[in-house]
Ligand SMILES: [Fe+2]
């Protein structure tokens, strides 16, 4: 993959910058992956370990340059930050990806393009599993095993220590991760004790190949961001950016002056063609919601409602916009 492609992917996520990081809801019940991953492990892992990384990350970034950065921006320059930021930013991102690439759904399959790439790099999927498990079992102490798209555009396998990942500037093997396996003892010890290999054999029963394929698609996207392909989104973003940011400092004049324009841009966006890579029902729904919420905001302004009500509605609209960006980047980088 070209360096510029990486930059584009980073830029996707830059738009979703947030001062505060938060866990997404787990996409299944704690017991959904039984018997391969037990409910107690899942509950402790998600609600204690991952939650702690998020809490500690928010504390660690406070007052630093990282406070206004996305996870990908932090990773790109992680060597400049404290170990607390490195460990907790990695801990948040890595777990977010891990939850998303697991599923109780049976028989998910790699997409045709992912299968082709797997065959090219590893001969077949069984060899991929053997090699990834080898990387995972040979990781000394705590860490992660990864399937990632390297900077040469080919799939590769590596493992990282602690909470590091291939997005970090300090990574020995750099690339876009598409499949993550947690090999910290907290991921398996209750059920498998010291038998890490048994856990690794079992985990393949719950890998969500649909999601891994989706990550692969994003990683191999051409040298474009959704903004390049989606003019209507770019147009909406411009108005949003120029009205929301002043509102954060109490200046509502820009949104009051441009709410009708925002409605127009939101309607144009709702009617626009969503780039195929991002055409998911959740994106479609969020785009429709953006149009409806823009109209409500405009009505509040026309009806001279309080600044508080206008500000709240604009913030909500901004959240919906970032939901779209988050769904498109789909890397859970908040
Ligand atoms: Fe973990």
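Brief remarks on what is shown
- Number of residues in the range 57-84 that are closer than 20 Å to residue 142 by Cα, buried (at least 21 other Cβ atoms within 10 Å of the Cβ) and without any contact (Cβ under 8 Å) to a residue 40 or more places away in the chain equals 1.
- Of 148, 216, all but one fail to be buried (at least 20 other Cβ atoms within 10 Å of the Cβ) and part of a helix (DSSP H, G or I); the exception is 216.
- Selection status of residue 93, over 23 Å from the mean Cα position of the chain (by Cα) and on the phi < 0 side of the Ramachandran plot: no
- Only a single item in (1) in contact (Cβ under 8 Å) with a residue 60 or more places away in the chain; (2) away from the ligand (no atom under 16 Å from the Cβ); (3) assigned to a helix (DSSP H, G or I); (4) crowded, with 18+ Cβ neighbours inside 10 Å is not met by residue 110, and it is number (3).
- Some residue of the range 61-73 being touching a helix residue (DSSP H, G or I) at 6+ places or on another chain (Cβ under 8 Å), farther than 29 Å from residue 154 by Cβ, modelled with pLDDT of 95 or more and assigned to a helix (DSSP H, G or I): yes
- Among the residues of the range 48-60, the one identified as under 18 Å from the mean Cα position of the chain (by Cα) and either more than 16 Å from the ligand (Cβ to nearest atom) or in a loop (DSSP other than H, G, I, E, B) (or both) is 58.
- The residue list 92, 45 contains one member that is under 22 Å from residue 145 (Cα atoms), in contact with a strand residue (DSSP E or B) (Cβ under 9 Å, 6 or more places away or on another chain) and within 14 Å of the ligand (Cβ to nearest atom), which is 45.
- The range 113-136: number of residues that are surrounded by 15 or more Cβ atoms within 10 Å (Cβ to Cβ) and over 16 Å from residue 205 (Cβ atoms): 10
- Selection status of residue 250, away from the ligand (no atom under 16 Å from the Cβ), at positive phi and either within 24 Å of the chain's Cα centre (by Cα) or buried (at least 18 other Cβ atoms within 10 Å of the Cβ) (or both): no
- The number of residues in the range 177-188 that are away from the ligand (no atom under 11 Å from the Cβ) and either over 30 Å from residue 150 (Cα atoms) or in contact with a helix residue (DSSP H, G or I) (Cβ under 6 Å, 6 or more places away or on another chain) (or both) comes to 2.
The values are calculated or read from the model by the stated rules, or taken from the named source; none is laboratory data. Here the structure is a predicted model, which means the values were calculated and not measured. When we count neighbours, we look across all protein chains shown, and the Cβ atoms used for this are built from the backbone with ideal geometry, even at glycine.
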